[in-house]
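Peer 1: Okay, handing you the structure first.
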Amino acid sequence: MFANQAAVAIANARAFEEVERLRCQLEGEKDYLQAQIAERKQAEQALREAQSDLTRANRVSSMGELTASLAHEVKQPIAAAITDTNTCLRWLSCDQPDLDEARAAASRSLQAAKRASEIVNRVRLLFKMDDQQRELVDPNEIIREMILLLHGEATQFAVSVRTELAADLPQVMGDRVQLQQLLMNLMMNSVDAVKDVDGTRELTIQSQREEHGQVLISVSDTGVGLPPQQGEKIFDAFFTTKSHGTGMGLRISRSIVESHGGRLWAADNSPRGARFCFTLRTKAEARD
């Protein structure tokens, strides 16, 4: 009897020791996992910050390339405002002031000043820090905004910009500034591709509702086309065919599209040039 009790006691002690050993082991593994999780969260946060910085650097770089044409775009309405203001003053200073003509000149001056202000506001938005502000956005409105912003660049190289925008396009849930940057990257690439070609220099932007409820937007041109046998490499980081390129514009563009639940791809544009297409989730899809 005593022998059985001793055996049970020894077995219990060994079992207790084993449980304690396992508990200590689990505690150690838990601490290790918690440390790993914390490190992973820090790494993910650092990656997000690096991606945000890189995206903004790309945006600033692109805007830097547009400095001359943007200055011209702002200068035009300012010059018009000055001319119309002088005209208004001249009508008012007559012996018999013509108030109707003065009022019309003042109205034109105001409209010109508003155009200049709109251009400056668009530029300011593109320079702001990324804060992932998602809102309901009209894709066609974004397209029109970027056409106005890049008007000077297209005019400088005699590029004709054409649009085919669906009238019943649904809104998408997205970051307005990032979507503007996406279109700016694609449109500037198209201008670069056509500016030195002989013949038609055309850039076409289309929007339409896709079968699965998504919005499909394409930017096509009549330029030099995609690099042979390297159609997918153009989205790799640092891959570029431009002498002055960074190789990050298309990589960042794809990241922006994917962060909005869509996809971006490239194809040849018949009979000449390239076509970039991307999809965006609609308001209904974003809710699902």
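Peer 1: Limited to segment 75-113, what total is found for residues that are over 45 Å from the mean Cα position of the chain (by Cα) and of a type in the set (Lys, Arg)?
Peer 2: First, pick out the residues of segment 75-113 that are over 45 Å from the mean Cα position of the chain (by Cα): 90-100.
After this cut, where a residue has to be of a type in the set (Lys, Arg) as well, the list is 90.
Total satisfying the criteria: 1.
Peer 1: Looking at segment 234-246, is at least one residue open to solvent by 30 Å² or more (accessible area, probe 1.4 Å) and modelled with pLDDT of 90 or more?
Peer 2: No.
Peer 1: Could you identify the single residue in 192, 131 that is at pLDDT below 90 and loosely packed, with under 14 Cβ neighbours inside 10 Å? It would help to see each step written out before you state the result.
Peer 2: Numbers: 192 fails: loosely packed, with under 14 Cβ neighbours inside 10 Å.
Only one candidate qualifies: 131.
Peer 1: In segment 139-149, what residues are at pLDDT 85 or above and either farther than 29 Å from residue 281 by Cα or surrounded by 15 or more Cβ atoms within 10 Å (Cβ to Cβ) (or both)?
Peer 2: Within segment 139-149, the first condition is being at pLDDT 85 or above, and the residues that meet it are 139-147.
Scanning segment 139-149 gives 139, 140, 142, 143, 145, 146, 147.
Peer 1: Same structure again: Please find, within segment 150-176, the residue that is least open to solvent (accessible area, probe 1.4 Å) out of those that are at pLDDT below 85 and touching an Asp or Glu at 6+ places or on another chain (Cβ under 7 Å).
Peer 2: 152
Peer 1: Suppose we filter segment 54-95 for residues that are modelled with pLDDT of 85 or more and part of a loop (DSSP other than H, G, I, E, B); how many remain?
Peer 2: Matching residues across segment 54-95 total 2.
Peer 1: Hey, another quick one. Which of the following residues is in contact with a strand residue (DSSP E or B) (Cβ under 8 Å, 6 or more places away or on another chain), closer than 15 Å to residue 141 by Cα, at pLDDT 85 or above and surrounded by 15 or more Cβ atoms within 10 Å (Cβ to Cβ): 214, 206? Working first, answer last.
Peer 2: Working: 214 fails: closer than 15 Å to residue 141 by Cα.
Only one candidate passes the filter, namely 206.
The values are calculated or read from the model by the stated rules, or taken from the named source; none is laboratory data. Bear in mind the structure is a predicted one, so any value in this text is a computation, not a measurement. All Cβ positions, glycine included, derive from the backbone under ideal geometry; neighbour counts span all protein chains shown. For accessibility, only protein heavy atoms count, side chains too; no ligands or nucleic acids. Shrake-Rupley method; radii C 1.70, N 1.55, O 1.52, S 1.80 Å.
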